[in-house]
Protein chains: 2
Amino acid sequence: MDYSRLYSQMARIGVGKPNSAATPAQPDLISLVYGLPDPSTVSTSDLLAATELVLTEHRASALQYGPSQGLSELREFLAERLNEREGLTLAPGQILLTGGASQGIGLIARTLLEPGDTILVEAPTFLGAVRAFRLSQPRVIELPVDGAGLVTEALDTALARLAGEGVRPKFLYTMPTFQNPTGATMPLERRQHLLGLARQHNLLVVEDDAYGDLRYDGLELPSLLALDRDGLVVRLGTFSKVLAAGMRLGWAAGPAPLVRALTALKDDSGTSPYISHLALAWAGGGRLDPHLERLRRFYRERRDAALAALDRYCTGYVRWSRPLGGFYVWLELDDAVDAALLRRAADRLGVDYLPGQACFLSDRGERYLRLSFSFVDPDRIEQAIQRLGQALAEAARAPERR
Amino acid sequence: MDYSRLYSQMARIGVGKPNSAATPAQPDLISLVYGLPDPSTVSTSDLLAATELVLTEHRASALQYGPSQGLSELREFLAERLNEREGLTLAPGQILLTGGASQGIGLIARTLLEPGDTILVEAPTFLGAVRAFRLSQPRVIELPVDGAGLVTEALDTALARLAGEGVRPKFLYTMPTFQNPTGATMPLERRQHLLGLARQHNLLVVEDDAYGDLRYDGLELPSLLALDRDGLVVRLGTFSKVLAAGMRLGWAAGPAPLVRALTALKDDSGTSPYISHLALAWAGGGRLDPHLERLRRFYRERRDAALAALDRYCTGYVRWSRPLGGFYVWLELDDAVDAALLRRAADRLGVDYLPGQACFLSDRGERYLRLSFSFVDPDRIEQAIQRLGQALAEAARAPERR
């Protein structure tokens, strides 16, 4: 494991310093910190076959400069796929290929925000996005999330208050499906309520859908983009979780004028045609859906291992979410547990988690933790959560705190 | 040939509309418009071997998120290579991997420029860069280029004038080696004069070195970065011309604080680790230098074909540069040639070139054309320039103009 890489990822997701335990000195540490996809889910022979296909069938295009908006064949593939599966009517021109969803987030900030603008975000949320937004110095308003995602009543209240002040927020940033970090999914009614409010206030909605393909239970819900009838939603997708994060390939889909504006500020002469061809050769020909089915089985087993271990080892000290998809379980400490003692005990016992503070912009979150089950095999997940249970018991029993 | 791709590239380099002749309706058109590297210079088997190496030896790292600054192994490779070849003492931390040199240009603009800031550029220049700078609304001052590159006396005068006005320009953007579009290379004395002026005025120099590896004649000159003793140069490099533009892989090397600042605004979670590993596997193990030697032979033959054909067919109508490297020959029309008539004749005869206007910010350049010899094989280059010679003869002879 290359730790410099992990630390960099860490900095990105908002943890200032690695845990002292997270150094090579303690090799048995089990980290549930990072939302890393597991590269073992992608087969080397599939990638080699895709590479051969690209270099024989699409050589000149893959090795050459491409359009700023991204390889048209891949945009066509994505548009067709979204249209077929969700009843959309996207044209390829409504899709911009990006260097991961991250670049889409950055482009939205640079395209839309000026210092002093107001934006709305969930709390807790993916702080990497908020940090990218903050480079443009907006005023950021946090809205609460519960077990059913963004609390749209709070959105209603905030929008009414802002309208009263004569403020029109530039956008709402939301993860309606398998939210990071809570794992929560907004039910249809909330989605419709959200879009009704967006319509009423002419509010742009940035839908981050990094995990949407990774549903382990329940029926698929329409995305905000699919429900939108007013051209108010831009959706961010990524190949990071389904192919490989190291490809740095994502996309933004939404109203054509906005996509054009995002493209105009994309100053890297277009996302790599080579990577785009590779992803298309890998995913095309009907190969994506069976792969997604395997992925869901793979990560479902890990989610199930995490939930079973929480039931077994952590009951009585924490409450937690039961995510239907994605990579995360969100834990809230019971009052009896001291968060600082827990951290020390977890360090000593060799388990690491993302402290809740890394998911709130304001000074909150010390009663929460996020566990990622994506990157560790089921046995190690159980072992990690057993250690967490011990740490919880110690942090709850500590005489000076009871 | 995918024309949408060409048109997009065209838009990027500043040509508003394609020539009417540049449509599939006239398949015999020979285009010397674009500075496209020839993908045939990269071997499929080398790329497949590099892919296999990456997927066996560096699988987890290539497929995973990496550091925002870019894969450390590739930054180490680049630093070592630059240090060995040019006597530099770069640390890997002084290198940022980017999505082509384009992204480095965009990051420099976003990091350094605020509306109203002053920057200095060459005229003619690579307008794609100037367009990226202009997104930040600077005041752009053009400095003349002659057969020996940027006229540093003009830089001296401009800096003195600006200092008198109390204006400190944010940077100078220059291509000292095989300049785009003129092909000119600054001799050592000018480089030293330039750096003396930079020191005197504490001026940051952005050295765009996209073509530096492609020298066909003469001795290598030290880059501005290599000559700099004051931490005033940031150099942009790219794999676009030596490996493949479709990879979108470049780098910025310079003072550590500036590289850190550029990294902070790089909002795509780092340039693709997969592509970075692929480039390293392809270039490493001593494979890069023999490849560069082959590339130089390959493009030298094309340059020689272009110059020989110009001698043979175009003498008496135009003067042109004799570039020692890079992709371009720059032509200046003799007074007798009517530029508009030339355009029409060239369209009819089936040869296309980049009009000089696409290389100047101000309303100039109609007496110039840029020919790219990189993308067309030597026979077709000769054929294209023969047609250009006919077009020149017609545009010079036209009775209404004489």
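The values are calculated or read from the model by the stated rules, or taken from the named source; none is laboratory data. Note that the coordinates shown come from a computational prediction; the quantities given were computed from them, not determined experimentally. We place every Cβ from the backbone using ideal geometry, glycine too, and count neighbours over all the protein chains shown.
Of all the listed residues (A:ALA281, A:ALA256), the sole one being crowded, with 21+ Cβ neighbours inside 10 Å, in contact (Cβ under 8 Å) with a residue 12 or more places away in the chain and not hydroxyl-bearing (Ser, Thr, Tyr) is A:ALA281.
Assess whether A:ARG75 counts as being surrounded by 20 or more Cβ atoms within 10 Å (Cβ to Cβ) and of a type in the set (D, E, K, R).
Here the answer is yes, as A:ARG75 does meet what is asked.
For segment A:285-315, the set of residues classified as within 30 Å of B:ALA245 (Cβ to Cβ) and at pLDDT 95 or above consists of A:ARG287, A:LEU288, A:HIS291, listed by residue number.
When the residues of segment B:90-137 are narrowed to those that are in a helix (DSSP H, G or I) and farther than 26 Å from B:GLY365 by Cβ, which ends up nearest to the other protein chains (Cβ to nearest Cβ)?
B:GLN103
The single condition among (1) hydrophobic (A, V, I, L, M, F, W, C); (2) in contact with a Pro (Cβ under 6 Å, 6 or more places away or on another chain); (3) under 30 Å from A:GLY70 (Cα atoms) that A:ALA305 does not satisfy is (3). Residues of segment B:246-303 that are under 27 Å from B:THR111 (Cβ atoms) and more than 14 Å from chain A (Cβ to nearest Cβ): B:ALA253, B:GLY254, B:PRO255, B:ALA256, B:PRO257, B:LEU258, B:VAL259. Scanning segment B:194-210 turns up no residue that is of a type in the set (Asp, Glu), out of contact with any strand residue (DSSP E or B) (no Cβ under 9 Å at 6 or more places or on another chain) and farther than 25 Å from B:SER40 by Cα. On inspection, A:GLY325 does not qualify as more than 14 Å from chain B (Cβ to nearest Cβ), small (Gly, Ala, Ser) and farther than 27 Å from A:THR185 by Cα.
Cβ-Cβ contacts under 7 Å between residues 6 or more apart (or on different chains), taken from a first residue in segment B:38-52 that is facing chain A (nearest Cβ under 10 Å) and under 16 Å from B:ALA245 (Cα atoms) to a second residue that is surrounded by fewer than 20 Cβ atoms within 10 Å (Cβ to Cβ) and small (Gly, Ala, Ser), are listed as B:PRO39/A:ALA60.
Please find, within segment A:26-37, the residue that is farthest from A:TRP282 (Cα to Cα) out of those that are touching a residue at least 40 places away in the same chain (Cβ under 8 Å) and more than 10 Å from chain B (Cβ to nearest Cβ). That would be A:GLN26. When restricted to residues that are surrounded by fewer than 17 Cβ atoms within 10 Å (Cβ to Cβ) and closer than 28 Å to A:LEU90 by Cα, segment A:37-59 contains 1. Here is a check on your reading of the model: is A:LEU194 more than 29 Å from B:GLY100 (Cβ to Cβ), hydrophobic (A, V, I, L, M, F, W, C), within 21 Å of the chain's Cα centre (by Cα) and crowded, with 24+ Cβ neighbours inside 10 Å? Yes; evaluated as a whole, the condition is true for this residue. Regarding A:LEU127, is this residue hydrophobic (A, V, I, L, M, F, W, C) and modelled with pLDDT under 95? When the stated conditions are applied, A:LEU127 passes them. Can you find, within segment A:55-81, the residue that is nearest to the chain's Cα centre (by Cα) among those that are part of a helix (DSSP H, G or I) and facing chain B (nearest Cβ under 9 Å)? Here the residue is A:SER72. Does any residue of segment B:324-337 turn out to be assigned to a helix (DSSP H, G or I) and crowded, with 21+ Cβ neighbours inside 10 Å? Scanning segment B:324-337, I find no residue that is assigned to a helix (DSSP H, G or I) and crowded, with 21+ Cβ neighbours inside 10 Å, so the answer is no.
Only one of the numbered conditions (1) without any contact (Cβ under 8 Å) to a residue 12 or more places away in the chain; (2) in a loop (DSSP other than H, G, I, E, B) is violated by A:ASP311, and that is (2). Residue-level analysis places B:ARG343 outside the set of residues that are modelled with pLDDT under 95 and either over 24 Å from B:ALA244 (Cβ atoms) or among the basic types (Lys, Arg) (or both). Here segment B:369-392 is the region considered, the condition is being buried (at least 22 other Cβ atoms within 10 Å of the Cβ) and in contact with a Cys (Cβ under 7 Å, 6 or more places away or on another chain), and the residue that is farthest from B:GLN179 (Cα to Cα) is B:LEU392.
Considering only residues that are under 17 Å from B:VAL376 (Cα atoms) and acidic (Asp, Glu), which ones fall in segment B:299-353? Within segment B:299-353, B:GLU301, B:ASP304, B:ASP352 qualify.
Can you tell me which residue within segment B:213-241, out of those that are free of Cβ contacts under 8 Å to residues at least 40 places away in the same chain and under 21 Å from B:ARG297 (Cα atoms), is nearest to the chain's Cα centre (by Cα)?
In the first step, residues of segment B:213-241 are kept if they are free of Cβ contacts under 8 Å to residues at least 40 places away in the same chain; the result is B:219-220, B:227-233, B:235.
Those still in the list that are under 21 Å from B:ARG297 (Cα atoms) too: B:219-220.
Values: B:LEU219: 20, B:GLU220: 17 Å.
The qualifying residue nearest to the chain's Cα centre (by Cα) is B:GLU220.
Candidates are the residues of segment B:111-129 that are among the charged types (D, E, K, R) and surrounded by fewer than 20 Cβ atoms within 10 Å (Cβ to Cβ); the one that is nearest to B:LEU369 (Cα to Cα) is B:ASP117.
Total residues in segment B:231-242 satisfying the condition of being touching a Ser or Thr at 6+ places or on another chain (Cβ under 9 Å) and within 14 Å of chain A (Cβ to nearest Cβ): the figure is 5.
For every residue, the table says whether it meets (1) closer than 30 Å to B:ARG75 by Cα; (2) out of contact with any helix residue (DSSP H, G or I) (no Cβ under 8 Å at 6 or more places or on another chain).
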residue	(1), (2)
B:TRP282	yes, no
B:ARG294	yes, no
B:TYR317	no, no
B:LEU324	yes, yes
